[in-house]
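Asks: Below you'll find the structure I mean.
Every number in this text was worked out from the coordinates using simple rules, so none of it is lab data. Because the structure is a prediction, the values reported are computed rather than measured.
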Amino acid sequence: CAGGVELENSGRLEQVGGKFYCWPYWLNPDHKEAGPDPKMELPPERAVMHGGVYYDGFPEAQEQCATRLLQALVLKYKWGRADCVHGHRDFDPDRKEDPGPLWQEIVLTRILNRVFGPG
């Protein structure tokens with residue numbers, strides 16, 4: 001399989017002054033007004049701490065849709081659990097960090113357990 005499914009998420013967040021910003025949360029550091037970009041601010045309820053780092057959380061509705069999509073793909077293509085665990089970082093770790101540990105270690109595990117049973 002040479003394709004994948006992209007779930008929208010802001011990934012790793014930076015906390016600056018009690019507010020959360022997604023990448024690129026900074027402005028041009030050579031510019032005198034460098035600092036957090038208000039356009040990149042996320043509501044604090046979206047910030048989830050995992051492994052000492054804040055990440056943009058995945059809403060339950062998004063997780064449920066991903067579960068239904070995976071169920072359909074597994075039925076159609078006869079995929080096994082091991083076929084469904086890869087992220088961008090597995091194929092291009094020098095350029096990609098997504099989907100990140102929050103997805104890989106928490107959310108994806110829940111989805112795989114719903115589709116394949118506890119593993």
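Asks: Grab the chain and count how many Lys pairs have their alpha-carbon atoms under 25 Å apart, sequence gap of 8 or more, or different chains.
Replies: Step by step, the pairs that qualify in the chain add up to 4.
Asks: Using the Karplus curve 6.51 cos²θ - 1.76 cosθ + 1.60 with θ = phi - 60°, what ³J(HN,Hα) values do you get for each residue of the stretch 110-119, in whole Hz, with x for Gly and Pro?
Replies: Taking θ as phi minus 60°, the curve returns 4, 5, 4, 5, 5, 7, 10, x, x, x Hz for the stretch 110-119.
Asks: With θ set to phi - 60°, apply the Karplus curve 6.51 cos²θ - 1.76 cosθ + 1.60 along the stretch 91-105 and write out the HN-Hα couplings as whole Hz, x wherever there is a Gly or Pro.
Replies: 9, 8, x, 6, 10, 10, 10, 7, x, x, x, 4, 5, 4, 8
Asks: Further, regarding this structure: Return the equivalent ellipsoid semi-axes of the chain as a descending list in whole Å, where each equals the square root of 5 times an eigenvalue of the C-alpha gyration tensor.
Replies: On the way: eigenvalues 204, 48, 27 Å².
Three semi-axes, in Å: 32, 16, 12.
Asks: Another question, then. Using alpha carbon centroids, what distance separates the stretch 104-119 and the stretch 69-102, in Å?
Replies: Taking the Cα centre of each part, the stretch 104-119 and the stretch 69-102 sit 12 Å apart.
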